[in-house]
Protein chains: 2
Amino acid sequence: MITRQDCEVRDQEDPLFELRHQFDLPPGINYLDGNSLGVLPRATAARVQEVIAREWGMDLIKSWNTAGWIDLPRKVGNKIARLVGAGPDELVTADSTSVNLYKVLHAAAQISKADAPGRRVIVSERSNFPTDLYIAESVARQHGFTLKLVDTVDEIPAALNAELAILMLTEVNYRTGYRHDMKALTAASHAAGALVIWDLAHSAGALPVDLKGADADFAVGCGYKYLNGGPGAPAFVWSHPRHAERFWQPLSGWMGHAAPFQFTPDYRPAAGITRYQCGTPAILALSALECGVDTLLAAEPMGGMDALRKKSVALTEAFIALAEARCGEQGVRLSSPRDANQRGSQVCLSLAAPLHEAGYAVVKALIARGVIGDYRAGDPQRLDEFPHILRFGFTPLYTRFVDVWDAIEHLHQVLQTEEWREPRFNQQDAVT
Amino acid sequence: MITRQDCEVRDQEDPLFELRHQFDLPPGINYLDGNSLGVLPRATAARVQEVIAREWGMDLIKSWNTAGWIDLPRKVGNKIARLVGAGPDELVTADSTSVNLYKVLHAAAQISKADAPGRRVIVSERSNFPTDLYIAESVARQHGFTLKLVDTVDEIPAALNAELAILMLTEVNYRTGYRHDMKALTAASHAAGALVIWDLAHSAGALPVDLKGADADFAVGCGYKYLNGGPGAPAFVWSHPRHAERFWQPLSGWMGHAAPFQFTPDYRPAAGITRYQCGTPAILALSALECGVDTLLAAEPMGGMDALRKKSVALTEAFIALAEARCGEQGVRLSSPRDANQRGSQVCLSLAAPLHEAGYAVVKALIARGVIGDYRAGDPQRLDEFPHILRFGFTPLYTRFVDVWDAIEHLHQVLQTEEWREPRFNQQDAVT
């Protein structure tokens, strides 16, 4: 079994270790929740302070020109593009993931109607992140489409049929960490005559993404998870250049206009991805997001996302091995794919009977010990297939191998001492 | 004529003068552009720093519960509600003004179709802020409505007819500063069988607004103008409680769900205004916005928005009197309503022939002297009706009477010296 000393050696030998110094990590905290909210980069506080005190406070309205505020959505977008295999000026930061998904679903529906008028089905996974499904439900309703949800990954191939208009998936499932094969599914959807939208919420900054290489149609993603942009950071949106001029944008705000400062009463969409901008860009939040994205670009000289992925896989493999060796007899089960190729940068565990309802309290007990993961409830009717989940995210920019070892040791102790039975660990929080 | 000494006395006697100390104003700057971007409150930098360093940096994901992040859109919304005559839990901060306008236009269209199915016209002003018109064009297209634009205020009564579904106006026109009579127009629209949407971009924090008293239907507003929330601050949205449950929200993101943390695949809208939330709230930006809104609530013990309005009117009256007395012979003309009741908290000037094309350069020359206003181009074909405009916003929280006097003195000198003819003042910026 892997010892803590082994982990210390691996950290010492880790060529990416120094990237950890880009962050202000709270003392005593073993943070395995960067898939929910990324940690604070050291540069962020000073940068946001500069934007507030100098750019806003002193230069005021002039900063739209002199500080480049007006170009910030494109500038940060171009940085994210380097992480996800998009070309220059193809990706922009704007609004939230939900709002951006609304935009690309409308675009895809319009293009599908034009190119393949008989197709009226949007397919997604029932276990996709709910906001994606809620937004798809809305767009389906507006376009007279039907949203069909598959229960398992195995049902997807059969869904790529003559009625399919749009396949909409989150590349890495938020619950299980299952990673779809973006390239294969995109090719299969195209072969079936359909378009594909990828949500990169748990991919961007977590693993290499190659949107152009996969020939994807549309993508959206989140700024506050692996991109470390801060709570509620702006999201991003990309469309393949072949689609860029082929749709009308329902959220036709002035920042997507071809000439916003001509103040003309008629909407004329900007060329390319700019039409995905809508209202006035959120400068404070975008400035923080840029600092977050920069922490990932700092890995480029060391091999970039490929190198980070290699470390991520090593971290998750170690975590799984230790969880099974140390906690398997305590009822801990792996609920993420065992094959690293099918896994994102997170590992989900579940608890076998008689502990299958204890997950929430176990996560709370771990948090009290400084090990931050989170909990996602399963389906009470089908706990075998959809168990309650203890979710742990591994962010290779700052997670150490000793963190992996320590987390499992704490999990072992929480189960052994049964401290999770304490009432304080069984009180439901508003946000889980 | 008003002397600078008169202005000094008025500042000394101003019971609201101390409110100015809430802001970090740049030295040597006479800022008359708070209608475009409000100034920096003193509290903001420290508050945002606390959110970044402690709430995000140290407490991380826990802050959704412990720091009240999840309630911030409602908390800040309830503060704004006090400024615009909305009831508790009726108003929420979310997204941008453009996105919020999209939401309320969709809601109004649905309700209109249900209650008055024959009505299919949205009426607005051609001189409304363009993003409002672009979004209305989009929603009209989706619902099979027609957007009709009136050229002058006088045409509005005739437009309140049997085909009208929705009247959509910005209470204070961004170009001219013309203030509509919200109560009368709302009553007339209701009498005509139509709904009314008010954009409060140039009203909230600038003058008293009484949404409930006017019996308005929907409202949206901007966080970064008179609310001092910072560049690109989140916007707000309100609907009258009678409508709250009567529409389906197309931007059906998870934060508008009745139980977002149950992660269910089907959308079930939250009760009331909460369904206007969409994606994850922008915590850094909302924290800054809250500081901005607090600078207005600080006026409550001194008479609140009524007292601020009284000062605002005094400032704009003094500005107009001085502009005409000191610069009238130089060709300066008033392009805002002379009647204070028909005017927001801004005054627009224009230049008569032969200087009618000099406005942009004059504004740039004023900026070089530290007097910050802005310029809005007119209609080159109809400069008599729609002249190029020199726009000056008066924010009674921090604008002094001496600022008014000094601004006019600089305008007089810019015109007298003809320094505006310098080439550097005639170069177009990207953002105006």
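The values are calculated or read from the model by the stated rules, or taken from the named source; none is laboratory data. All values reported here derive from a predicted model rather than from experimental measurement. FYI the Cβ positions are ideal-geometry reconstructions off the backbone, even for glycines, and counts take in every protein chain you see.
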Test B:S239 against the criterion of being among the hydroxyl-bearing types (S, T, Y), closer than 22 Å to B:L105 by Cβ and free of Cβ contacts under 8 Å to residues at least 40 places away in the same chain, and give yes or no. no
Only one of (1) at pLDDT below 95; (2) buried (at least 19 other Cβ atoms within 10 Å of the Cβ) does not apply to A:A318, and that is (1)
Those residues of the range A:269-308 which are assigned to a helix (DSSP H, G or I), within 14 Å of chain B (Cβ to nearest Cβ) and more than 17 Å from A:V76 (Cβ to Cβ), in sequence order: A:R275
Screening B:R119, B:R74, B:R47 for residues that are in the same structural domain as B:Q249 (by TED's automatic domain parsing) and either closer than 24 Å to B:A299 by Cα or part of a helix (DSSP H, G or I) (or both) leaves only B:R74
Mind telling me which of the residues A:A219, A:A206 ends up being crowded, with 24+ Cβ neighbours inside 10 Å and more than 16 Å from A:I166 (Cα to Cα)? A:A206
How about the range B:59-83: which of its residues are surrounded by fewer than 24 Cβ atoms within 10 Å (Cβ to Cβ), more than 10 Å from chain A (Cβ to nearest Cβ) and not basic (K, R)? B:N78, B:A81
First in the range A:84-103 and facing chain B (nearest Cβ under 7 Å), second anywhere and buried (at least 24 other Cβ atoms within 10 Å of the Cβ) and of a type in the set (S, T, Y), Cβ under 6 Å, 6 or more apart: A:S98/A:T131
Looking at B:Q142 and the list (1) over 26 Å from B:G373 (Cβ atoms); (2) outside any helix (DSSP H, G or I), which single condition is not satisfied? (2)
Inspect the range B:395-403 for any residue being under 26 Å from B:N128 (Cβ atoms) and in contact with a strand residue (DSSP E or B) (Cβ under 6 Å, 6 or more places away or on another chain) and give the result as yes or no. no
In the range B:42-51, what residues are of a type outside the set (A, V, I, L, M, F, W, C), within 8 Å of another protein chain (Cβ to nearest Cβ) and more than 19 Å from B:L19 (Cβ to Cβ)? B:Q49
Matching residues in the range B:166-181 (touching a strand residue (DSSP E or B) at 6+ places or on another chain (Cβ under 6 Å) and more than 14 Å from chain A (Cβ to nearest Cβ)) number 7
Which of (1) at the interface with chain B (Cβ under 9 Å from one of its Cβ atoms); (2) loosely packed, with under 15 Cβ neighbours inside 10 Å; (3) not hydrophobic (A, V, I, L, M, F, W, C) is the odd one out, the single condition A:D6 does not satisfy? (1)
The range B:317-384: strands (runs of 3 or more DSSP E) wholly inside it with 1 or more residues that are away from chain A (no Cβ under 14 Å) are B:332-334, B:346-351
What is the residue count in the range A:232-265 for residues that are more than 7 Å from every other protein chain (Cβ to nearest Cβ) and polar (S, T, N, Q)? 3
Return yes when B:L349 is at pLDDT 95 or above, surrounded by 24 or more Cβ atoms within 10 Å (Cβ to Cβ) and not assigned by TED's automatic domain parsing to the domain that holds B:A235 and no when it is not. yes
Boolean, B:A184 is surrounded by fewer than 24 Cβ atoms within 10 Å (Cβ to Cβ) and more than 16 Å from the chain's Cα centre (by Cα): yes
By residue number, the members of the range B:113-147 that are crowded, with 20+ Cβ neighbours inside 10 Å, under 26 Å from the mean Cα position of the chain (by Cα) and more than 10 Å from chain A (Cβ to nearest Cβ) are B:I122, B:V123, B:A140
Sole residue being out of contact with any strand residue (DSSP E or B) (no Cβ under 7 Å at 6 or more places or on another chain), charged (D, E, K, R) and within 30 Å of B:L149 (Cα to Cα), chosen from B:K113, B:K75: B:K113
Say whether the condition of being under 27 Å from B:L25 (Cβ atoms) and modelled with pLDDT under 95 is met by at least one residue in the range B:376-383. yes
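Yes or no, residue by residue, for (1) facing another protein chain (nearest Cβ under 7 Å); (2) more than 21 Å from A:R369 (Cβ to Cβ); (3) modelled with pLDDT under 95:
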{"site": "A:E13", "(1), (2), (3)": "no, yes, no"}
{"site": "A:L19", "(1), (2), (3)": "no, yes, no"}
{"site": "A:P27", "(1), (2), (3)": "no, no, yes"}
{"site": "A:L40", "(1), (2), (3)": "yes, yes, no"}
{"site": "A:A53", "(1), (2), (3)": "yes, yes, no"}
Out of B:A188, B:A216, B:A158, I need the residue that is part of a loop (DSSP other than H, G, I, E, B) and either aliphatic (A, V, I, L, M) or touching a residue at least 60 places away in the same chain (Cβ under 8 Å) (or both). Which one? B:A216
